[in-house]
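The structure appears right after this line, and notes come after that.
The values are calculated or read from the model by the stated rules, or taken from the named source; none is laboratory data. As the structure is a computational prediction, the values presented were derived from the model and not from experiment. Heads up, the Cβs are rebuilt from the backbone with ideal geometry, glycines too, and the neighbour counts pull from every protein chain shown.
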Amino acid sequence: MSVAQRKLEILRKRAEFLSVASSGKKWVAPGFILQVGKPHESSDVIRYGLTASRKVGNAVTRNRARRRLRALAYKIMPHASGAHDYVLIARPSTPDCGWTDLENDLMKGLKRLKLWQD
């Protein structure tokens, strides 16, 4: 299946977020933190979650950070391995980071973790 045809699915339950966090694999960038879950059966569906704590700012700022991370996930995550779950965590700099910086950081993180697929 081509990269453009891969579907994204959203993690919604707290237990799913905790299982991703327990794996210990993560990539820290200035604009966000990428956590990677333990490997499971590979599929064409890529599961990801978004989170922004109060440290990011007020409700308006947190929502803007989540919207930016969601758009980033739709653009870049189809290139990720389908054998893992992912969580993108907003940081206080997420709403103000340059868009290309966010894109480059996510691509670099996936490549460094050896999860990038063309």
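Below, the figures for the structure above:
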{"quantity": "Among the residues listed as L106, L88, L69, L50, the single one being at pLDDT 95 or above, of a type in the set (A, V, I, L, M, F, W, C), farther than 20 Å from S23 by Cα and surrounded by 14 or more Cβ atoms within 10 Å (Cβ to Cβ)", "calculated": "L69"}
{"quantity": "Selection within the range 85-118 - in a strand (DSSP E or B) and closer than 12 Å to W27 by Cβ", "calculated": "Y86, V87, L88, I89, W116"}
{"quantity": "Within the range 39-51, tally of residues that are touching a helix residue (DSSP H, G or I) at 6+ places or on another chain (Cβ under 9 Å) and either in a strand (DSSP E or B) or within 12 Å of L115 (Cα to Cα) (or both)", "calculated": "6"}
{"quantity": "Test: residue in the range 10-28 that is in a helix (DSSP H, G or I), of a type in the set (D, E) and without any contact (Cβ under 8 Å) to a residue 24 or more places away in the chain", "calculated": "no"}
